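Reading through the structure tokens given below for one structure.
None of the figures in this text is laboratory data; all of them are computed from the coordinates on show. These numbers come from a predicted model, not from an experiment. Methodologically, a virtual Cβ is constructed for each residue, glycine included, from the backbone with ideal geometry; neighbour enumeration extends over all protein chains shown.
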């Protein structure tokens, strides 16, 4: 593959990651629904009620801003060597935020009878499906960033010894 | 630093990571306490009640086994180039499991009034502190693996252009 073709593929991949993390942040941040507990106490579920979901939004906003800035990095810049390090750190941020949000979403869906935490998704189904959509988008972003890190490592380190030394 | 000195430092670092993840897995897996809800319904809290804690134990066991096996890799082996990739993937596994367990531990400690989930740590304080200890050990393991990945990248890629090209 020619250099320019490769650069186009990487640019397209970074665009997909950017869109995925942007959607994840926006969908999670805009998720809210009015519900009621046992048909009595009414409340409004929103992402900021749950620290893990706030963390998820912050992480995805940070990665989106980074992903946007990287698009404008000239291809001959020496900074590309640093991009691998940033890709790596931000991939870990995504892994962390998705795992935390997923753990809470699981309790929201299934509850935890041992701790006496009841599932809440039957009361606020729209909120739950919006959260799930945000998690899926975040996961797509994570997979794309992981592939970018793998590609960088493959290109610079050749760990599987594909090329002859 | 001479080659052998460097190898000793890396071996010692890997030993610390191995011990940390082993402690994390053992402490979490052995955490249990008999408690009662409102002094009435009695139950036994254990790690396997919570999927996030089970995931934490599994992740730390996997990383411990890997960390043990890597100790026996001869220093001249070609496989060391693959170790960076494994280090990276297992660091992400640690990040993921710690984040998930931390999110649940936070609900256990503070509860989530919006979802109607009550904090449980005042009823089972010993279980909670043991879980916290496991999380701290897991975090130490994670930091050490992250440093190992950073060192490998620094050595092989020199992203900060410390060495002259």
Number of positions in segment A:94-123 that are crowded, with 20+ Cβ neighbours inside 10 Å and at the interface with chain B (Cβ under 9 Å from one of its Cβ atoms) = 16
query = In the set A:89, A:83, which member is under 23 Å from the mean Cα position of the chain (by Cα), more than 8 Å from every other protein chain (Cβ to nearest Cβ), surrounded by fewer than 17 Cβ atoms within 10 Å (Cβ to Cβ) and part of a helix (DSSP H, G or I)?
reply = A:89
Filter result for residue A:11 (exposed (fewer than 14 other Cβ atoms within 10 Å of the Cβ), over 11 Å from the mean Cα position of the chain (by Cα), within 12 Å of chain B (Cβ to nearest Cβ) and closer than 18 Å to residue A:148 by Cα) = no
message = With part of a helix (DSSP H, G or I), surrounded by fewer than 15 Cβ atoms within 10 Å (Cβ to Cβ) and out of contact with any strand residue (DSSP E or B) (no Cβ under 6 Å at 6 or more places or on another chain) as the only criterion, which of B:68, B:53 stands out?
response = B:68
inquiry  = If I filter segment B:124-160 down to residues being buried (at least 19 other Cβ atoms within 10 Å of the Cβ) and outside any helix (DSSP H, G or I), which single residue comes out as farthest from the other protein chains (Cβ to nearest Cβ)?
reply    = B:124
